[in-house]
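Enquirer: Quick one: the structure is below, questions incoming.
The values are calculated or read from the model by the stated rules, or taken from the named source; none is laboratory data. From a predicted model like this one, the values you see are computed outputs, not experimental measurements. Here Cβ is always computed from backbone atoms with ideal geometry, including for glycine, and neighbour counts include all displayed protein chains. These area figures cover heavy atoms from the full protein model, side chains too; ligands, DNA and RNA do not enter into them. Shrake-Rupley method; radii C 1.70, N 1.55, O 1.52, S 1.80 Å.
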Amino acid sequence: MAGVPTVPRNVRLTNLSFSELRVTWDEPDNLYGPDRGYVINLYTSTDSGVVKNGIDVAQNHSTDYNFGGLEAATSYTVEVRANNDRNLGPPGNATARTSDGLPSSPTNISRQEEGTHCDISWSSPAKPRGDIIGYNVHVQGHYPSDSRERQDGEYVMKSTTSTSIRLLKSTKTEIVDLLPNSVYTITVTGFTYTGEGNFSRAVNCTVPPGKPSKPEPPVRILPAYLFSTTVPLQVQPASERNGPIGCYHVVVVKSSSTDNLPDPEMLQPDKTLEEAKNSGNDVTAYIAMALTPDAVGESTTVTVGDGRVTSCNPQHVGRKRRALTSADVYNQEYTNSPLQPGSSYTTSVRAYGRDDGDQPYFSASQYMDPVSTATDREGIPVHLAGMIGLGAVSALLLVALFATIAVIVVLKRRLASAISKRESSGTTVQNDAFDDTYYTDTRTNRANNDGTYCDVIDDDITKRRGPAYGTSQDGEYNTPDVGGEEGAYQTLDPRTLETGNNEYQKLAKKRVFQQS
């Protein structure tokens, strides 16, 4: 008759994952009967409860078996017995633990919101499925877009080993965990060595508008250095991600380098160029202009040093305060004073939030690369000579053109005067300076004087125009006699000459002309 099989040899239980184990063994030394396979039982190590009972392994001489669907991070004990159809042999056993699994959701999540922060707390997952080595706090921001629709913003994840966390809200002067002008959705997950578990219920945290987004630095528009007292720049708007913009300031700093300048947000500019010059500070910095968001638009070109007076409140007049209070920022007028020739300047743009009556808050762009203004005379920087050469040639050509026109005008007037003296009978004169028409004045017969006079008949009043440099005793103006000695002449712009000619001919159709 068959006896009792001996114990299977080298029983081993191996962890495959957080839900799988594998048992292997070698055949017993003696079956004492026919080989009818093996019977396997699986127990939990904690309460000796049977998990898998009476598993028959087919008679195919297989010596391994996989267990699935197990609990993560749980210890199990396996028993393997040989079967000879009459008797089961004694068990060979082994113990193993499934690896950590993915935790269930953290429980009891809550939010405590204050003006400066949000405190988030929670409890451990109901099913940790292993050792919880930490928690991930998922923070998803949302903010209103230009169309007032909800826009997904920044996403961050913060890790902690605690069951609570404090998230700081950005303020009007500082950007921290949570950006201004946002509503944040916050969820929490636990994680083991295997990975991250399920998400908790979501809570919200709201942050009001605050410190504006940093604007882009001003962009120099070439060729800015050709001007001695102005510099044209392009100003771009700041993003309204952190809240609406209420005003922009263009800050001018006299400096050839930005290396030793304070951070743009730490710079303390004066409100006028005069104040900056008299401040005694090492750096001359002042607010050159104030621009409304509508004035900046998508981008705008401004000219630093053009002398304009600007304000974010056009109705405001005068300067009453020195400190940059809310009234100073949004109501103050700023004079865009001319720059100093042959000097270097840099600029920074400040974007202020909406006026809420409190201390104004802003962000400042980085400094623009310094730019030099041109000099008034020959002291133009050497590296600009090539750029200025073409302009100098054009200027010389214009000077020559105007000089030629002036000579022609003088010669024509002399010729007109000489002809008029030869042909005049006291009542007739030829107006060669403008046309070839003869005019006769039958209403006046003035005696010769030491100047040449032009009588203009205006209704019934005769007005005398005359000299080019000074007045006579009766307050009239006299023109020097151009027929005899060399007289004084004024060079006329050709456009002025043409305009005068047209007006003269209109008058000639109504009135008469006489040279006394």
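Enquirer: How big is the range 82-182 in terms of Cα radius of gyration and Dmax, in angstroms?
Expert: In Å, with Rg to one decimal and Dmax whole: 24.4, 86.
Enquirer: I've got another one for you. Given R₀ = 60 Å, FRET efficiency for THR116-GLN340 by Cβ-Cβ distance, to 0.05? Could the numbers behind the result be given before it?
Expert: Values: r = 46 Å, r/R0 = 0.76.
In this case the efficiency is close to 0.85.
Enquirer: Next question, about the same structure. Round to a whole number: what % of the accessible area of the range 199-314 belongs to carbon and sulfur, probe 1.4 Å? Numbers along the way, then the final one.
Expert: On the way: 2520 of 5420 Å².
Roughly 47 percent of what the probe reaches on the range 199-314 is carbon or sulfur.
Enquirer: Semi-axes, largest first, in whole Å: what does sqrt of 5 times each Cα gyration tensor eigenvalue give for the range 139-234? Please list the in-between numbers first.
Expert: Working: eigenvalues 357, 49, 34 Å².
Over the Cα atoms of the range 139-234, the semi-axes work out to 42, 16, 13 Å.
Enquirer: A further question follows. To the nearest 0.05, how large is the calculated FRET efficiency for ARG86 and LYS127 if R₀ is 45 Å and r is the Cβ-Cβ distance? Provide the component values of the computation, followed by the final result.
Expert: Values: r = 45 Å, r/R0 = 0.99.
According to the calculation, E is roughly 0.50.
Enquirer: Also: Would you calculate the convex hull of the Cα atoms in the range 79-133 and tell me its volume per residue in Å³? Working shown, then result.
Expert: Numbers: hull volume 5.8 nm³, N = 55.
Once divided by residue count, the hull of the range 79-133 is 105 Å³.
Enquirer: While we're on this one: How high is the relative contact order of the range 63-151? Use alpha-carbon pairs under 8 Å, at least six apart in sequence, and give a whole percent.
Expert: 22
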